[in-house]
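Report on the following structure.
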Amino acid sequence: MFPRSVERARRAGFCAGVRRAVGMAQDLIREPAGDLVMWGALIHNAHVVSELERGGMRVVETLDGLRGGETVLIRAHGIAPDLRRQIMDRGCRIVDASCPFVLKIHALVSEAAAAGKRVFITGDPRHPEVEGIVGAAGGTATVLSSVADVESLAPWQGKAVLVSQTTFSVVIFREIVDNLSRKIALLEIFDTICEATENRQLEARRMAERNDVMLVIGSRTSSNTMKLVDVCKSASRATYLIEDADAVRGLLSAGAFADRRIGVTAGASTPDSMILE
Ligand code: SF4
């Protein structure tokens with residue numbers, strides 16, 4: 001019934017960017033100056049977001065949802081410069097919790113686009129962080145999610161830069177780099193995958209190799225959590241995405257852990273309290 005051993009990843013739970021964003025939200029709630037709004041759910045964790053909502057913050061996803069005079073907290077993913085202007089044009093104050101690593105990517109692509117270079121981004125085109133980076137590049141960047149996307153590109157002779165969504169898969173990024181640099185001679189490559197993401201994926205892979213079952217705690221809407229699930233599965237381990245403690249109770253009573261070595265990791269938006277529970 002019970003596991004033989006349980007190993008917890010050393011790098012699991014909030015990354016620096018998420019910890020900072022949640023801290024800024026809590027500070028705003030402690031000393032509110034008018035109505036408080038999160039631009040999109042602050043992190044990919046329903047428990048944390050509901051707690052902030054109970055503290056008085058609303059989640060808003062569209063400009064029409066804003067009322068003038070509100071304080072709008074921008075999440076760690078960042079937003080496109082155009083959108084930032086539109087929020088301010090609505091008479092709202094912005095408190096910016098964009099992760100400094102993401103802002104660095106914005107600066108890179110905006111400089112490249114201004115210099116007439118084509119911008120490529122590895123990532124998920126529907127992810128808010130990628131939408132923000134595309135916006136910072138002037139709206140014309142090409143997003144590549146897989147090697148197949150590189151294969152379907154028309155030849156390009158000009159200068160180009162490649163950056164990545166910070167939570168993209170390290171393995172797929174390298175594959176895309178190999179293929180794209182064969183296609184574009186004048187390509188500058190910036191590996192902007194966040195160290196927190198890279199280290200977590202490496203540690204998860206090693207843990208998956210020495211344990212029988214991997215538990216990845218986090219939300220299915222969290223990009224970096226789902227990448228950890230993929231990494232553990234690619235080591236051919238039984239892998240479970242754990243969105244709340246009930247899921248663990250269910251697996252325990254079904255005997256899924258009986259006499260097995262269990263590895264536990266968690267996405268960057270998973271609070272410590274949830275990992276401990
Ligand atoms: Fe910032 Fe890295 Fe966390 Fe993304 S994963 S919010 S880039 S620290």
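The values are calculated or read from the model by the stated rules, or taken from the named source; none is laboratory data. Since the model is a prediction, treat every value here as computed from it, not as a measurement. Glycine also receives a Cβ, built like all others from the backbone with ideal geometry; neighbour counts cover every protein chain displayed.
Laid out as a table, the results:
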item	result
Residue under evaluation Ser50, criteria (1) over 24 Å from the mean Cα position of the chain (by Cα); (2) farther than 17 Å from Asp96 by Cα, criterion not met	(1)
Strands (runs of 3 or more DSSP E) wholly inside the stretch 166-265 containing at least 2 residues that are closer than 27 Å to Leu103 by Cα	187-189
Count of the stretch 31-80 residues which are in a loop (DSSP other than H, G, I, E, B) and under 23 Å from Ala136 (Cβ atoms)	14
Residue selected from the stretch 198-220 under the condition closer than 27 Å to Pro128 by Cβ and surrounded by fewer than 16 Cβ atoms within 10 Å (Cβ to Cβ), by the criterion nearest to the ligand (Cβ to nearest atom)	Asn199
Subset of the stretch 30-42 that is at pLDDT below 95 and farther than 20 Å from Ala80 by Cβ - its residue that is surrounded by the fewest Cβ atoms within 10 Å (Cβ to Cβ)	Glu31
Single residue of the stretch 1-18 satisfying the filter (among the small types (Gly, Ala, Ser) and under 23 Å from the mean Cα position of the chain (by Cα)) that is surrounded by the fewest Cβ atoms within 10 Å (Cβ to Cβ)	Ala16
Residue that is nearest to the ligand (Cβ to nearest atom) [pool: residues in the stretch 143-164 that are part of a loop (DSSP other than H, G, I, E, B) and free of Cβ contacts under 8 Å to residues at least 12 places away in the same chain]	Ser152
Only one of Val72, Val60 that is buried (at least 21 other Cβ atoms within 10 Å of the Cβ), touching a strand residue (DSSP E or B) at 6+ places or on another chain (Cβ under 6 Å) and within 28 Å of Thr270 (Cα to Cα)	Val72
Subset of the stretch 266-277 (residues that are surrounded by 14 or more Cβ atoms within 10 Å (Cβ to Cβ) and not in a helix (DSSP H, G or I))	Ala266, Gly267, Ala268, Ser269, Thr270, Pro271
Scan of the stretch 69-90 for residues that are away from the ligand (no atom under 16 Å from the Cβ), out of contact with any helix residue (DSSP H, G or I) (no Cβ under 6 Å at 6 or more places or on another chain) and under 20 Å from Glu53 (Cα atoms), ordered by number	Gly69, Glu70, Thr71
Of residues in the stretch 165-197 being among the polar types (S, T, N, Q) and touching a Ser or Thr at 6+ places or on another chain (Cβ under 9 Å), the one farthest from the ligand (Cβ to nearest atom)	Ser169
Candidate set from the stretch 1-28 (those that are in contact with a Leu (Cβ under 8 Å, 6 or more places away or on another chain) and within 13 Å of the ligand (Cβ to nearest atom)); member that is farthest from Ala254 (Cα to Cα)	Met24
Some residue of the stretch 223-238 being within 16 Å of the ligand (Cβ to nearest atom) and farther than 20 Å from His127 by Cα	no
Residues of the stretch 139-152 satisfying the condition of being surrounded by 14 or more Cβ atoms within 10 Å (Cβ to Cβ) and at pLDDT below 95	none
Considering residues of the stretch 91-124 that are in a helix (DSSP H, G or I) and near the ligand (Cβ under 10 Å from one of its atoms) only, the residue surrounded by the fewest Cβ atoms within 10 Å (Cβ to Cβ)	Pro100
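Residue by residue, here is whether (1) over 23 Å from Val102 (Cβ atoms); (2) surrounded by fewer than 20 Cβ atoms within 10 Å (Cβ to Cβ); (3) charged (D, E, K, R) holds:
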position	(1), (2), (3)
Arg20	no, yes, yes
Ala25	no, no, no
Leu28	no, no, no
His44	no, no, no
Gly55	yes, yes, no
Ile79	no, no, no
